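The values are calculated or read from the model by the stated rules, or taken from the named source; none is laboratory data. Values in this document were obtained by computation on a predicted structure and should not be read as measured data. Reconstructed Cβ throughout: ideal geometry from the backbone, glycine too, with neighbour counts over all protein chains shown. Remember, those area values only see protein heavy atoms, side chains included, never the ligands or the DNA or RNA. Shrake-Rupley method; radii C 1.70, N 1.55, O 1.52, S 1.80 Å.
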Amino acid sequence: MVVALTIGALVVLVAHQLFAAVADRGRTLIAARTALDRAVNARRWLAATFLSLDVGTDGAGGFDGRPDHAAFSTWLLMSDGWFERRQVTLTAKQGQLRAAVTPGTPIALVDSVADLQLDYLLEPGAESRWVREWVSPVSAPVAVRMRIANAGGGVDTLLFLIKERG
């Protein structure tokens, strides 16, 4: 009887440890999936924001692109399904890539940001060149290159095309 109880207790102990390990792996998988979803949504939001850029038209501001931030007007899809013109400023603050939307609330797009560097493409083509600043009240660059240094030492480089030059 004692041997049977001992074997039963060992089986229960092993089963408990097995199920605890499976639950831990499940939580790790959920956390990784959440981080990946956030990163993909941030990139999708940035791409849509740059494609809907509005510079040089009535009521729109200019494009103010600096090495560490960019500010411009764009048409954003609102929660009610309509597009509204908003002023967006992209910058790295408090370890995050943030989009300050005016009027509206800031959006944290990427976490663990150590540094943000922006470059602006002058013209398309083989002889094209990138510049560190683009400041214009009537036009936007062809594309924006965003280099995000993360706290772990890696660098992500993102390229966003701008649909039309205003």
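Tabulated data
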quantity	calculated
Number of positions in segment 60-80 that are surrounded by fewer than 19 Cβ atoms within 10 Å (Cβ to Cβ), touching a strand residue (DSSP E or B) at 6+ places or on another chain (Cβ under 7 Å) and of a type in the set (G, A, S)	3
Residues within segment 20-78 that are part of a helix (DSSP H, G or I) and either hydroxyl-bearing (S, T, Y) or over 21 Å from A108 (Cβ atoms) (or both), tallied	13
Residues of segment 130-140 classified as exposed (fewer than 13 other Cβ atoms within 10 Å of the Cβ) and part of a strand (DSSP E or B), total	2
Number of the condition not met by G59 [criteria: (1) in contact with a Gly (Cβ under 8 Å, 6 or more places away or on another chain); (2) at positive phi]	(1)
Which listed residue, of E123, E84, is in a loop (DSSP other than H, G, I, E, B) and either over 22 Å from G56 (Cα atoms) or without any contact (Cβ under 8 Å) to a residue 60 or more places away in the chain (or both)	E123
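Results for (1) open to solvent by 90 Å² or more (accessible area, probe 1.4 Å); (2) without any contact (Cβ under 8 Å) to a residue 12 or more places away in the chain, shown as yes or no for each residue.
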position	(1), (2)
V2	yes, yes
L10	yes, yes
Q17	yes, yes
D24	no, yes
I30	yes, yes
D37	no, yes
A42	no, no
A47	no, no
L53	no, no
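Results for (1) open to solvent by 70 Å² or more (accessible area, probe 1.4 Å); (2) farther than 20 Å from R43 by Cβ; (3) not in a loop (DSSP other than H, G, I, E, B), shown as yes or no for each residue.
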| position | (1), (2), (3) |
| --- | --- |
| V88 | no, no, yes |
| R98 | no, no, yes |
| V101 | no, no, yes |
| G104 | no, no, no |
| A108 | no, no, yes |
| L118 | no, no, yes |
| S128 | no, yes, no |
